[in-house]
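See structure below.
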Amino acid sequence: MLFRKLIQNWRIYLLIFLALLTLAIWSAYFKEPDSNLHIFIFDIGQGDSELIQKGNYQILIDGGPDDSVIAQLGKVMPLEDREIEEIILTHPHADHVTGLVDVLERYKVDRIVYSKVDYSSNIYQSFISKIEKKNIPVTNPNIGETEDVFDQGKITYLWPGKNAESYKENLNNTSEVFRFDYGKFSGLFTGDAELPVWQEIISKNKNLILNITFLKVAHHGSNTGTSDEIASTIDPHIAIISCGQNNKYGFPHKKTIGALEKIGADIYRTDLLGTINISTNGENWSVK
Amino acid sequence: MMMKKKSIPNFRVLTILFIAFLVGVFVSSYFDIDFFRIYQIAFLLFLVLLGGIFLFRNIKLNICFAATMIFFAGFLLFSFINTKLNNLTAPFGQTLEFSGIVSSYPDISGNSQSFYLSTSDFGNSMKIYISTSAFPRYSYGDAIKVKSTIQKPTNFSDFDWVSYLKRYGATATLDNNPQIKLISNSGGNSLLKSLYRIRRNFENVVQKTLPEPESSLGIGILIGSKQGFSKSLINDFSRVGITHIIALSGYNVTIIIIFLTDILLGFISRKKIFVLSIIFIATFVAMTGAASSVIRAAIITLLIAYGKTIGRRADMANLILLSATVMVAINPFVLRYDTGFQLSFLAFVGLIYFSPILQKVFTRRIFRYVPEFVKSAVTETLSAQIFVLPLILSAFGLISVIALITNILILPIIPASMLFIFLSTLIYWIIPTIGKLALLISYLPLKYIILIAEYFSKLPISAIQISGRWQVGLIIFYALTIGIIILRHYSKNTNQFLIFGNSASFSKEQSKNVFSYLSDKIKR
């Protein structure tokens, strides 16, 4: 049988294996990374998961409703890179946190940002206990706090800071909202933040949500996360909606689409296009 | 070793008895008879038949009596175990808190994990099927406290769920979202527990090093699991007809024996190698959760290896039947309710009886320029596929049209990838940094397999769906055709007439298989 012949040659395979091993070890030293910054909005069904990646540096925002984020990461991360520098969990709902537990299991994660809001669900508790078990540093940044990432990236946190506990009646309103700047490119990550959060941000930090290139539309395109006023204030060039195909909530809402069309933003949807990849060098950008 | 070469009738009698037993179990599985109602009648019947054997001197008649007895033995065995399981009751429909021990390696798929729980809180010791969220993970041997409503399982419209559960000894399920609390992790068999720990460690190493879906595939081809496969990928695999590479098969077992024999021969004696093989295979079988296909392969391979060790050749028909009988005797439910068991046996029968026919076809002149590896891949795939096709058709209603092409492209690199993953994990356990790089090598063949599956499954003609109405007719027509081909082939070459005739004379082609390779090695 075929199998027998192949196994008979196992010594040759051993040699091939060793030769390839040597090759792999050497090629690990000579690798040229893609110098552009990429933002991926993953197609993970009805949920949220985005990745900011530059070379070997990754920031993962949310993990989606199941473990399919693992396969998505596998597609876009460099093969030998098994480390994610930062994870940001916007809020503890299952469609945002579930995949992160698998990520913590499989990848080395350096630090985690989340609001530490109290919520008793199996999956959120597993997320917390996994962080504790692996001793990963956790921060809950204040509003207005900034964080420098890789060479010239900057994250500015806009919500919730210390407000998480007082807003936790609707967990969506404890969502981490932050601005990400890279050269002239800027993005606004919004989790599931609803109108009360936006009113707060507009009244206190309006200047921080201006001049936005890319907006991750809040709450999967629900009309509770976007209004005409919010859309025209942010006025992004690109608006991306992360939602599942034929999802039971009917996301995205036609009012949201209407508001975004009115301001002339280019709208992309993961339920129609799959994973979306924004590529930028800090000056120009392109969307695939 | 009764089935070894003796006078012809003797070992053929054994063949008949094995078949009688299997038929008995099979027939019994169609009747839900209370064992305690029929066993007295059955006892009388046994006495009558036994008396018959002593009364008559006619050998043929005696064989008939014996076969009937064995048939009823099989019939009664199934009904006994079935009755025993039916009589296990729990307070169905009530919401209760109870405790038990996780008695299987939890199966994780997507967002959920499922396992069997042994509990004796309801009188008799019984098993409950539990499906819960994927996190927190439970392990074999965990003692847990559960609060939920206990349910009596009912069949789905197209799936015999009750019998499926009975196969694992389970007679109850729970409502969705049971509340589970871990009490301790000190239960279970400690040997099995450490084996499962090694398995989980292996899975972790691969998962941490390789991206998805390659890591799931890597784990799948080495220890046979569909864990972590996305639905679309599973679908792709069955459309292109390569699901068998992630189901455990004889490959995995044979690889162990061949390596052991190759490496150890010259250092220690044949018998010691045989004993070592038994230990390694038993370890592997336990670690992989004792899937039917592995046990089948393990029993057959070990019996043949034993035969070679004592210098005798086994009769293939008896060997196959013996291993089936052993497995069915241990768990009668596998015969009808375990597709893996059926597929494994059918594929093996195909390899043994049909591949010689194909090999003969390939000796024709037109096939002169066909490379050897293509020929053997075709022979192997076709002969196994031809036999499992009716079963696949009736079980899934889907036939892969391009299985032949994809298998030619994929099968040749399977052993190498298995070897790579195995070696890399060993290296990882010693020096993790080198092991990581080593595992990346396995990425290439795995990626290749996935690319092939994805590419070919997109072709519109890769698989055809056949509706229920046509299936029966098609299967009968098909079985007849194959039967005629086999009968014609083996009746022309009387010395190869293996199913019914002289087992002593294996044809040249017949002996071209893994086992003769083994025997060559051991004899040398």
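When region A:58-93 is filtered for residues that are at the interface with chain B (Cβ under 9 Å from one of its Cβ atoms), surrounded by fewer than 24 Cβ atoms within 10 Å (Cβ to Cβ) and under 11 Å from the mean Cα position of the chain (by Cα), nothing remains. Here is the figure for region B:322-380: residues that are more than 12 Å from chain A (Cβ to nearest Cβ), of a type in the set (G, A, S) and closer than 18 Å to B:L411 by Cα total 3. Taking helices (runs of 4 or more DSSP H) as the structural unit, those lying wholly within region B:401-477 and holding at least 2 residues that are basic (K, R) correspond to B:432-458. Of the residues making up region A:217-250, those that are crowded, with 21+ Cβ neighbours inside 10 Å, within 19 Å of the chain's Cα centre (by Cα) and part of a loop (DSSP other than H, G, I, E, B) are A:V217, A:S222, A:G225, A:P236, A:S242, A:C243. Being within 28 Å of B:I414 (Cβ to Cβ) and either surrounded by 14 or more Cβ atoms within 10 Å (Cβ to Cβ) or at pLDDT 85 or above (or both) is the requirement here; does B:I128 meet it? No: the conditions fail for B:I128.
Is it the case that region A:50-57 has a residue that's over 20 Å from B:L423 (Cα atoms), more than 7 Å from every other protein chain (Cβ to nearest Cβ), modelled with pLDDT of 85 or more and over 14 Å from the mean Cα position of the chain (by Cα)? Within region A:50-57, one or more residues are over 20 Å from B:L423 (Cα atoms), more than 7 Å from every other protein chain (Cβ to nearest Cβ), modelled with pLDDT of 85 or more and over 14 Å from the mean Cα position of the chain (by Cα). If you go through region B:134-153 and keep only what is modelled with pLDDT of 85 or more and of a type in the set (G, A, S), you end up with B:S139, B:G141, B:A143, B:S148. Of all residues in region B:387-401, those that are over 20 Å from B:F159 (Cα atoms) and surrounded by fewer than 17 Cβ atoms within 10 Å (Cβ to Cβ) total 1. Apart from one condition, B:W161 fits all of (1) within 14 Å of chain A (Cβ to nearest Cβ); (2) closer than 30 Å to B:A395 by Cβ; the exception is (1).
When A:E200, A:E176, A:E132, A:E169 are screened for being touching a residue at least 24 places away in the same chain (Cβ under 8 Å) and either surrounded by fewer than 21 Cβ atoms within 10 Å (Cβ to Cβ) or of a type in the set (V, I, T) (or both), only A:E200 passes.
In region B:356-377, the qualifying residues are those that are at pLDDT below 80 and surrounded by 21 or more Cβ atoms within 10 Å (Cβ to Cβ), and the one that is nearest to B:Y490 (Cα to Cα) is B:S376. Residue pairs whose Cβ atoms lie under 9 Å apart, sitting 6 or more positions apart in sequence or on different chains, and linking a residue in region A:74-85 that is small (G, A, S) to a partner that is at pLDDT 85 or above, are A:G74/B:L210; A:G74/B:P211; A:G74/B:P213; A:G74/B:E214; A:G74/B:S215.
The values are calculated or read from the model by the stated rules, or taken from the named source; none is laboratory data. This is a predicted model, so every value here is computed, not measured. Neighbour counts run over all protein chains shown; Cβ positions are idealised from the backbone, glycine included.
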